[in-house]
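This is the structure, below, for whatever I ask next.
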Amino acid sequence: MSSKWVYSFGGGRAEGRSDMKNLLGGKGANLAEMANLGIPVPPGFTIPTEACTFYYQNGNTYPEGLQDQVMVALATVEQIMGAKFGDQTNPLLVSVRSGARASMPGMMDTILNLGLNDVSVEGLAKRSGDARFAYDSYRRFIQMYSDVVLGVDHHHFEEILEEAKDDRNVKLDTELSADDWKKVVAKYKDKVKAAMGRPFPQDVREQLWGAVGAVFGSWMNQRAITYRRLHDIPESWGTAVNVQAMVFGNMGEDCCTGVCFTRDPSTGDNDFYGEFLINAQGEDVVAGIRTPQQLTIHGRELQRSDLPSMEEAMPVVFKELNAIRHKLEAHYKDMQDMEFTVQQGRLWMLQTRTGKRTTKAALKIAVDMAREGLITRKDAIGRIDPAALDQLLHPTLDPKASRTMLARGLPASPGAASGKVVFSAEDAEKWVKERKEKVILVRIETSPEDIGGMHVSEGILTTRGGMTSHAAVVARGMGTPCVAGAGEIRVDYAAKTFKVAGKVIAEGDVITLDGGTGEVFLGAVPTIQPELTGDFATLMEWVDTIRTMKVRTNAETPLDAATARKFGAEGIGLCRTEHMFFAPERILAVREMILASDEKGRRAALAKLLPFQRQDFIDLFTIMQGLPVTIRLLDPPLHEFLPHTDADIAEIAKAANVDVAAVKARNASLHESNPMLGHRGCRLGITYPEIYEMQARAIFEAAVSVSQETGRTVTPEVMIPLVGAKKELDLMKDAVDKIAAEVFAAMGQSVKYHVGTMIELPRAALLAGDIAQTAEFFSFGTNDLTQTTFGMSRDDSGPFLEVYRAKGIYEHDPFAQLDQEGVGELIKIAAERGRATRPGLKLGICGEHGGDPSSVGFCQKVGLDYVSCSPYRVPIARLAAAQAVLGKEGGSGTK
Ligand code: PEP
Ligand code: MG
């Protein structure tokens, strides 16, 4: 471990760099980089993440040398700023902030104005010439420090503040005078003394170490833990601490503070985008307490705001900021999210980081930057999180649908969603988990504590705050539709209602949000599916030139197959034929077949199914226009098809010409203790070959007729499920070949076809060398393979897997993200042994993992020929497959 515990920055130089994020955290690394670029950054220093790790590994103590190094660095800051920590004439104030490797907005603690005490506050008053400002800063500091470090809850302070305003008969904080603030400060200190049994710390060094400890401590607070779990951020990373000279955006009308993006984070347009507040501190912007002003004239016009833009109100500083925008974007070659403060006309950059953006914006920015020559096409491909493409594939409001508009707010996060109104994050979680409702979370504003409830909500509506408010930033990250700052809405938390446009909307009433336009509607408004054009299509074209694996779809209905084709599917990797058996006109025949007492009865029922099944395949072959279609023969346990209600039992008894008691007896006889390990898969074909014979006949008759009609080659792939022994496959392949020969002879034409198997059992993976003697392809059925490898039911494991994840036994749900260590090892073995027997054996995957980015990355490594996934995940898999070629592991596939 190094013995360097402090990295200084400021005054045009820095000890760190932007590629030192692991050590300095994102914020610290970027502050260092900006300082090195000559951008005006208030000087400061970063205590690296290693110190946090040390702190937790050594009973919450600091490493040797840290204290001394901090004092040396602080002296440098004092020197650059020409001010002294705790000084009575010209005091240096600092901020103390967390900064992890990955951005965790609002999750950890921050302390501002540190270094104020009864003496230095007077120094600040003199120096700034503004006693009101100095005492306001002091009371903010006492409140923040007491809440975060001393654990005295902030509501105590808010009560004192409210009383002070009532006493003076004013509404706004800004209406309080210096003397008022002095009184508030005295009361705040009394409160701390009463709560703690000791006075508020006056020693500025004690304040500093208290704050550093609190920031380290906040790494393990509940909201940070939840955020890390949702974003797959390891606990072991730890956070860095940034101590930085304070600059003030609230020292008068020539001061301001703001947040800006080098491009529009919502649309991706190459417009400077941002908001600022005159005479305010940074937290005022994020908290959404005052409605901010736009940075540019263009932005003001778009938002239809009456307040002047920065471009108009502070043209000189705006020009400087705009130049920094260009410099930073060109340097980082990505859209930046920056925070700045103007103190008495002088611009300071407080932070820059890669800006969070909507998926739509991510695509536009990546494609535009590649076209501008700022990045390569490969970079552009690597920039898009495949899992986030989901956002683009989500519905928007049907423009033709009638609607009743309730309110308009800011279009904070795109997508349309309807749900029942709830007014707290807690209720959102309850309604979703216990009542299985879809909810829209309505809040005046959100805070980091609401993260759990925001995550389960279909949409989020706030009545306060701008595009950079907590609600907006978090919702965009989650891909959840959000309308923010809908100011006409009046929320009454106690009554659980909101009022707008003369209407009262109560908890449980349905509303619809359009996060793309910022509109709020009464009731559920119908939605339509998105068209994938423009930047999406361009990026997908680039993707297809890179990837080597094919992407197919799991589909059995014509609609699914057509949708998947639109999304770029290159064939069907899994057609689950049992899904075709449930349609009303078929299920009776299926039940007759199951209930029949002998083969003759079964064949009679199967004959009724044949024409339906043949038409199914004709449809699929036609839609797929010569692309490969893998059809899996019947797989699930038969009892899944059986009638359960008395009416259904009576109906089937009549149709099969047996009595009700016989049906019930047959039902009972089909009961299995472990149906997933029971009479299913090819075991059905082994015991009742006539079922697979009918299906094979339907496939070949359909293939020949489509090829005759369209003149196209049709190459069916017949897939046998749940094989565990070569002999099973031999028998089934013989049966399929026999039917093929019969059909081709009868129809006077043959088509090429392949017979292969799913690898869904550990035994099949281990004996893949044998099985490949017969199988012409393997498709990994990783749903069952996960179930059988873990010995864990895919239908029952949800609740206890949650506990397993929480305890860190498994990091991910193995049914969502492929378990590369265990199940993956079996896939590798099967791939190697299969190809050793049959070089060039075609390999694919058709379990749910085929659409999960990290699993797709694994498939590439193992050398699979294709992945197959549900239609809506086809674009995700295409992108993930390209990224896999570029050596980028995909995202986790979880939000
Ligand atoms: C599988 O087991 O992975 C598979 C694709 O088949 P099913 O989900 O239908 O069991
Ligand atoms: Mg299966």
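The values are calculated or read from the model by the stated rules, or taken from the named source; none is laboratory data. Keep in mind the model is a prediction, meaning the values are calculated, not measured. Quick reminder, even Gly has a Cβ in these numbers, built from the backbone with ideal geometry, and neighbours come from all protein chains shown. Please note that ligands, DNA and RNA were not included when accessible areas were found on the heavy atoms of the full protein model with its side chains. Shrake-Rupley method; radii C 1.70, N 1.55, O 1.52, S 1.80 Å.
Using all alpha carbons of region 281-417, what is the percent of pairwise distances in each 10 Å bin, ordered from the shortest bin to the longest?
Reading the bins upward from 0: 9, 29, 35, 22, 5, 0.
Take the Cβ-Cβ distance between Glu175 and Arg198 as r, set R0 to 51 Å, and report the resulting FRET efficiency rounded to the nearest 0.05.
0.95
Right, something else. Give me the percent of DSSP beta bridges within the chain that run antiparallel, rounded to the nearest 5.
65
Okay, moving on. Show me the ranking of peptides 226-238, 154-166 by mean Cβ neighbours inside 10 Å, starting with the highest.
Ranking, from highest mean packing down: 226-238, 154-166.
Moving to a separate point now. Per the helix-only calculation at 222 nm, which mean residue ellipticity applies to the chain, given -39500 (n - 2.57) for every DSSP H run of n ≥ 4 and division by its residues, nearest 500 deg cm²/dmol?
Mean residue ellipticity, 222 nm, calculated: -14000 deg cm²/dmol.
Also: Put +1 on the Cβ of each Lys and Arg and -1 on the Cβ of each Asp and Glu in the chain; which of Cys846, Gly28, Met107 then has its Cα farthest toward the positive end of the dipole?
My answer, from the dipole projection, is Cys846.
What does the accessible area per residue of the chain come to in Å², with a 1.4 Å probe and no ligands, DNA or RNA counted?
Computed with neighbouring chains in place, this is 40 Å² per residue.
How big is the dipole moment of region 256-357 about its Cα centre under a simple scheme where the beta carbon of each Lys and Arg is +1, that of each Asp and Glu is -1, and everything else is neutral? Debye, nearest 20, please.
Dipole about the Cα centre, nearest 20: 240 debye.
Toward the positive end of the charge dipole of region 256-357, about the Cα centre and with charges on Cβ (Lys, Arg +1; Asp, Glu -1), which of Thr341, His326, Cys260 goes farthest?
Working it through, the farthest residue towards the positive pole turns out to be His326.
Sort all Cα-Cα distances of region 719-846 into consecutive 5 angstrom bins from zero, then give the percent of pairs in each bin up to the one containing the longest distance.
2, 11, 19, 18, 14, 12, 9, 7, 4, 2, 1, 1, 0
Treating only the Cβ atoms of Lys and Arg (+1) and Asp and Glu (-1) as charged, compute the dipole magnitude of region 711-855 about its Cα centre; round to the nearest 20 debye.
Once rounded to the nearest 20, the dipole reads 560 debye.
Could you order peptides 261-269, 480-488 by the average number of other Cβ atoms within 10 Å of their residues, highest first?
480-488, 261-269
With +1 on each Lys and Arg Cβ and -1 on each Asp and Glu Cβ, how big is the dipole of region 396-528 about its Cα centre, in debye rounded to the nearest 20?
Rounded to the nearest 20 debye, it is 260 debye.
Sorted from largest down, what three extents in whole angstroms do the Cα atoms of region 1-102 have along their principal axes?
Projected onto the principal axes, the Cα atoms of region 1-102 cover 41, 31, 20 Å.
Figure the gain on full extension for Glu64 and Val885 (residue separation times 0.36 nm, minus the Cα-Cα span) and round it to one decimal in nm.
291.0 nm
Can you give me the convex hull volume of the Cα atoms of region 798-895, divided per residue and expressed in Å³?
Spelled out: Cα convex hull of region 798-895, divided by residues, is 106 Å³.
Taking the Cα atoms of region 227-281 alone, what are Rg (to one decimal) and Dmax (as a whole number) in Å?
16.8, 44
Would you compute the Debye intensity of the chain from its alpha-carbon atoms alone, equal scatterers and no solvent, and pass along log10 I(q)/I(0) at q = 0.08, 0.11 Å⁻¹ to two decimals?
Each listed q maps to, in turn, -0.83, -1.31.
Still on this structure, please answer the following. Between their Cα atoms, which of Lys430/Lys496; Lys319/Lys356; Lys420/Lys503; Lys356/Lys861 are more than 18 Å away from each other?
Check vs 18 Å cut-off fails for Lys319/Lys356; Lys356/Lys861.
From the alpha carbon gyration tensor of region 770-823, can you work out the equivalent ellipsoid semi-axes (sqrt of 5 times each eigenvalue) and give them in Å, largest to smallest?
The answer is 27, 11, 8 Å, longest axis first.
What distance in nm lies between label points placed 7 Å from Cα along the C-beta direction at Asp166 and Asp509?
For Asp166 paired with Asp509, the spin-label model returns 3.1 nm.
Which residue, Pro875, Ala131, Gln294, has the largest displacement toward the positive end of the dipole of the chain when charges sit on each Cβ (Lys, Arg +1; Asp, Glu -1)?
Pro875
Right, next: Scan region 251-312 for GluC sites (Glu not before Pro) in coil per DSSP, keeping those whose Cβ has at most 12 other Cβ atoms within 10 Å, and list them by number.
Glu253
Compute the helix-to-body angle for 21-36: its Cα long axis versus the longest principal axis of the chain, expressed 0 to 90° and rounded to tens.
Between helix and principal axis, roughly 50 degrees.
Further, regarding this structure: If you stretched the chain out fully between Lys608 and Lys861, how much longer would it get, using 0.36 nm times the residue separation minus the C-alpha to C-alpha distance?
86.5 nm
Using the Kirkwood radius built from alpha carbon pairs, what does the Stokes-Einstein equation give as D for region 508-547 at 10 °C and 1.306 mPa s, in µm² per second?
Translational D for this selection: 122 µm²/s.
Something else now. Could you compute Rg(Cα) / (2.2 N^0.38 Å) for region 396-528, with N its residue count?
For region 396-528, the normalised Cα radius of gyration comes out at 0.91.
For a bin width of 5 Å, list the pair-distance distribution of region 256-357 built from all Cα-Cα distances, rounded to whole %.
In whole percents, the pair-distance histogram is 2, 14, 26, 27, 21, 8, 1.
Between Arg13 and Val316, take the C-beta separation as r, use R0 = 25 Å, and let me know the FRET efficiency to the nearest 0.05.
E(calc), rounded to 0.05, equals 0.45.
With a point put 7 Å past each Cα toward its Cβ, work out how far Gln222 is from Glu832 in nm, to one decimal.
4.8
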